[in-house]
Amino acid sequence: MYLKLFAGLAVVFFPLPAWGQAVPSREPTSTHIFPAGGQRGTIVKARVGSECMPPGMAFKLTGTGVTGPSVLSSEAKLRYEPSVRRPPRDADGVGASMTYPREWDSSITIARDAELGTKFWSVSSAFGGTRPRPFLVGDLPEFIETEPNSLPEQAERITLPVVVNGQIAGERDQDYFVFAGKAGDVVVCDVMAARIGSPLDPVIAITDLHGQRQDVQEVRVGNDPVVAFLVPKSGDYRLHVANLGFGGGPAYVYRITLSTKPFAVYAFPPGGRINETREVETYTLTGTAEFRTTKEKVTFPATVGPFLLRGSIPLIASELPEVAVIGDNHSAKTAMELTAPVAVNGRFLTADAEDWFRFTAKKGEAFTIACQPFPRDSIASPVLTILAADGTAIVKASAVDMPDREILLDWKAPADSTYRLRLHDLQHGSRGGRDFIYRLTIQPSRPDFGLRLDPDYVNIVQGGKTELDLYVRRMGGFTGPIDLTAAGLPDGVKIEPTRIPDNQTRVKLIVSTKDDIRPSDVLAVIRGTATIGGKPVERRAVIPSFGFDGDSLHLTVQHKPMFRITCNEAYQYAPRGSIHPYPLTIERLNGFTGPITLQLCERQVQDLDGIEMVETVIPAGATEAKALIYLPETMHAGIQHHSRPYAQGYATFTDQWGTKQTILAVCDKRCMVRTTPQVVKLRAVTREVAAVPGESIECKLTLDRTSNFTGPAEIELFAPPGFKAPKIHLQEGQVEAVVHIQVDSQVKRQDEVALTFRATGRLPSGGTAVTEATVQAKVISK
């Protein structure tokens, strides 16, 4: 909202008692991209969401076949479905939990021959970089929702097959689409939200045009629903998308693939030996309570690792002999015999299911035993127990306790004997099913190791240092040292230690930079090398990100701060329905004297309850400024004991290497304002008018004044295109106004148009009073 401002503002300070406060994170963050993907061979107009990122940020796409702008500078200012007004929340003691991300215009070109699947993007500036987020490339037509479509009668027409891109952009927002279904077809809605980093918890419903809810079959891929609808008769049906919780905002992005193409959720057995052809059963959605089971021959690839059959069915290829659990092995007496090395594919078909295995080992014989749900985001969570011949439990482990949900044991047989292995699910006794799939591998131990790095990005300021967690998985009795190297680091950045000592399984990697290093944004790879069996063995650190195991660490070298913003946390008082000037102090650093743009921070420790901050520019060299805080007249009275928004500022400068940089700083303290009652209220005497294209209409308004506001005021019209009116100037003490509005001859007939009138005037304190009134206009023909 752009509001008329007044200069020469005075402020009164009141002391504030000192106590602990919640503090918002100062780390820059990417929140979303909308749409979250596109069809190859097209140009996608996208909006990139971020918090604490200045305009002029660098935009980076990783992956072949996609290109985009190198810099994002134009903020996309959209009006979304407003959230429900309710008593504001407070985040004291929790930290910042209320966020208001900004969006930036972008354009992504997808080549016609771009490989289908997931690419990644990130943004960075002199203030820091963000984690990589997914952008999907598909081959179906794409549809982007357009508001308003929040009512059944506003449903947007889509034609299958299609990928629908939408946002639940406010707490009241919900989206409706209408499509034609043919009797007997199974329409599948594959909803992507959590898989693309969205906070949305989608709720999907399909109804007929009378609002009658249709029966569907639903499964989950991770936390995302996949819904199948068996069309009972040919005709139109509505797809309804909403959020399970009360949240909403630009970051609540979804991407739904709708088609009649058969959707197989999983297959069994899911594993096979490399280059082997074997029969698997695939389970396809039917839109009813049952799956369609199909047997087919699958040739597993020559490369070890997971892959997708027909784009959606997760399978895995290994070097081990593969067996599937078929038949009765659900007790110690009927335990299935195994001979290492072996990979076992099993599942917990019923709530009380448990699988038993037996194998023979000699004393001191070492095995590596692994068990994990398959795929990784499967609903299964195996619990494994190794038992001696007399039934005594020797070892017990659960996948839920492992960071990557994989049980991994190095085990030595304590005696010559036959041992039993019992597997059951963590939810044993309450849940089970054909999708509770696991993979168990038993093989003779051989020394080896693996590395895993967390998180997948890091920011470090010039001359500074930070820490990363590096986890070491030692296998087959390997206990030796591991030498660390990092490829892709800019000159002046180093990682310590360079060696992991014997037996250590977790290391704090210290990343440090020289004071005069050039700011940059790079992809780095961490490698570990150890001597095993007299030979060097190298392993790259795995870096998980959005369900993918990569090996690239996004590292951004930040520029030193160029300024700081602070204020006195002292209570000030201002009426609701005003713009209050709150004093700030600017500390300029490292020789920076340029202008700074001041605005509301995207992260807050309290619900803003409609509070805005008028964007202003602090002149070059200035060390004092005013945060112009707009306190709307619609704020909840008597609910918040005080308002305390955070401000931020950004600036552009040229670094010592001649590169143009943008940087941002969040105010280190809160603007503390206690709101008092309104001092003036604009009221519409004319509540409704009929508007005829090409003619004028008249609206009467009254300014209800108090003794705290007697001065002049100005009334301005804010309306859709086609409605114009001159500003009205009220003299001191004047309360009545008549506004003459010209209606353009091209305005189309419609039900109602909201004509908003805003009155502004200067308060004795130096602030600005702001009050609004709305008149409903119905456009009619002559």
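Structural remarks
Conditions tested, residue by residue: (1) assigned to a loop (DSSP other than H, G, I, E, B); (2) crowded, with 17+ Cβ neighbours inside 10 Å; (3) free of Cβ contacts under 8 Å to residues at least 24 places away in the same chain.
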| residue | (1), (2), (3) |
| --- | --- |
| Glu633 | yes, yes, no |
| His636 | yes, no, no |
| Phe653 | no, yes, no |
| Arg674 | no, no, no |
| Gln678 | yes, yes, no |
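- Restricting the stretch 72-95 to residues that are closer than 21 Å to Gly248 by Cβ, hydrophobic (A, V, I, L, M, F, W, C) and open to solvent by less than 40 Å² (accessible area, probe 1.4 Å), the residue that is modelled with the highest pLDDT is Ala76.
- Exactly one residue out of Gln648, Gln661 is open to solvent by 10 Å² or more (accessible area, probe 1.4 Å), at pLDDT 95 or above and part of a strand (DSSP E or B): that is Gln661.
- Residues in the stretch 609-631 that are in a loop (DSSP other than H, G, I, E, B), surrounded by 19 or more Cβ atoms within 10 Å (Cβ to Cβ) and either of a type in the set (A, V, I, L, M) or free of Cβ contacts under 8 Å to residues at least 24 places away in the same chain (or both): Ile611 alone.
- Test result for Thr441, more than 29 Å from the chain's Cα centre (by Cα) and loosely packed, with under 15 Cβ neighbours inside 10 Å: no
- Within the stretch 109-139, the set of residues being buried (at least 17 other Cβ atoms within 10 Å of the Cβ), more than 21 Å from the chain's Cα centre (by Cα) and of a type outside the set (Val, Ile, Thr) comprises Ala114, Ala126.
- Residue check for Glu279: closer than 14 Å to Asn345 by Cα and either open to solvent by 20 Å² or more (accessible area, probe 1.4 Å) or in a strand (DSSP E or B) (or both): yes
- Subset of the stretch 213-261 [acidic (Asp, Glu) and either more than 10 Å from Asp190 (Cα to Cα) or exposed (fewer than 15 other Cβ atoms within 10 Å of the Cβ) (or both)]: Asp215, Glu218, Asp236
- Members of the stretch 304-319 found to be touching a Ser or Thr at 6+ places or on another chain (Cβ under 7 Å) and crowded, with 19+ Cβ neighbours inside 10 Å, listed by number: Ile313, Ala317
- Enumeration of residues in the stretch 300-358 that are among the aliphatic types (A, V, I, L, M), closer than 26 Å to Leu426 by Cα and assigned to a loop (DSSP other than H, G, I, E, B): Val325, Ile326, Ala332, Ala335, Leu338, Ala340, Leu349, Ala351, Ala353
- Here Thr284 passes the criteria (1) open to solvent by 10 Å² or more (accessible area, probe 1.4 Å); (2) within 23 Å of Ala183 (Cα to Cα); (3) without any contact (Cβ under 8 Å) to a residue 40 or more places away in the chain except the one numbered (1).
- Tally, over the stretch 382-394, of residues that are hydrophobic (A, V, I, L, M, F, W, C) and either open to solvent by 40 Å² or more (accessible area, probe 1.4 Å) or under 38 Å from the mean Cα position of the chain (by Cα) (or both): 5
- Of all residue pairs spaced 6 or more apart or on separate chains, those with beta-carbon atoms under 8 Å, a first member in the stretch 135-158 that is part of a strand (DSSP E or B) and a second member that is hydroxyl-bearing (Ser, Thr, Tyr) and open to solvent by less than 60 Å² (accessible area, probe 1.4 Å) are Phe135/Thr118; Leu136/Thr118; Val137/Thr118; Gly138/Thr257; Glu142/Thr42; Glu156/Tyr176.
Yes/no per residue for (1) touching a Gly at 6+ places or on another chain (Cβ under 8 Å); (2) within 28 Å of Gln462 (Cβ to Cβ); (3) crowded, with 18+ Cβ neighbours inside 10 Å:
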position: Val511; (1), (2), (3): no, yes, yes
position: Asp516; (1), (2), (3): yes, yes, no
position: Pro519; (1), (2), (3): no, yes, yes
position: Ile526; (1), (2), (3): no, yes, yes
position: Ala530; (1), (2), (3): yes, no, yes
position: Gly534; (1), (2), (3): no, no, no
position: Glu538; (1), (2), (3): yes, no, no
position: Ile543; (1), (2), (3): yes, yes, yes
position: Phe548; (1), (2), (3): no, no, no
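- Hits in the stretch 702-739 - residues which are more than 13 Å from Gly761 (Cβ to Cβ), open to solvent by 80 Å² or more (accessible area, probe 1.4 Å) and outside any loop (DSSP other than H, G, I, E, B): Lys724, Glu736
- Those residues of the stretch 38-71 which are more than 16 Å from Ser122 (Cα to Cα), of a type in the set (A, V, I, L, M, F, W, C) and surrounded by fewer than 20 Cβ atoms within 10 Å (Cβ to Cβ), in sequence order: Ile43
- Candidates in the stretch 140-159 are the residues that are under 27 Å from Lys119 (Cα atoms), surrounded by fewer than 19 Cβ atoms within 10 Å (Cβ to Cβ) and aliphatic (A, V, I, L, M); of these, the one that is farthest from the chain's Cα centre (by Cα) is Leu140.
- Condition check for Ile495: touching an Asp or Glu at 6+ places or on another chain (Cβ under 6 Å), part of a strand (DSSP E or B), open to solvent by 20 Å² or more (accessible area, probe 1.4 Å) and within 30 Å of Thr662 (Cα to Cα): no
- For the stretch 748-771, a tally of residues being within 37 Å of the chain's Cα centre (by Cα), under 10 Å from Gly577 (Cβ atoms) and aliphatic (A, V, I, L, M) returns 1.
- Taken over the stretch 419-438, the criterion of being open to solvent by 20 Å² or more (accessible area, probe 1.4 Å) and either closer than 21 Å to Glu322 by Cα or of a type in the set (A, V, I, L, M, F, W, C) (or both) is satisfied by Arg420, Arg422, His424, Leu426, Arg434, Asp435.
The values are calculated or read from the model by the stated rules, or taken from the named source; none is laboratory data. From a predicted model like this one, the values you see are computed outputs, not experimental measurements. When we count neighbours, we look across all protein chains shown, and the Cβ atoms used for this are built from the backbone with ideal geometry, even at glycine. We work out accessible area using only protein heavy atoms, side chains counted, and drop any ligands, DNA or RNA first. Shrake-Rupley method; radii C 1.70, N 1.55, O 1.52, S 1.80 Å.
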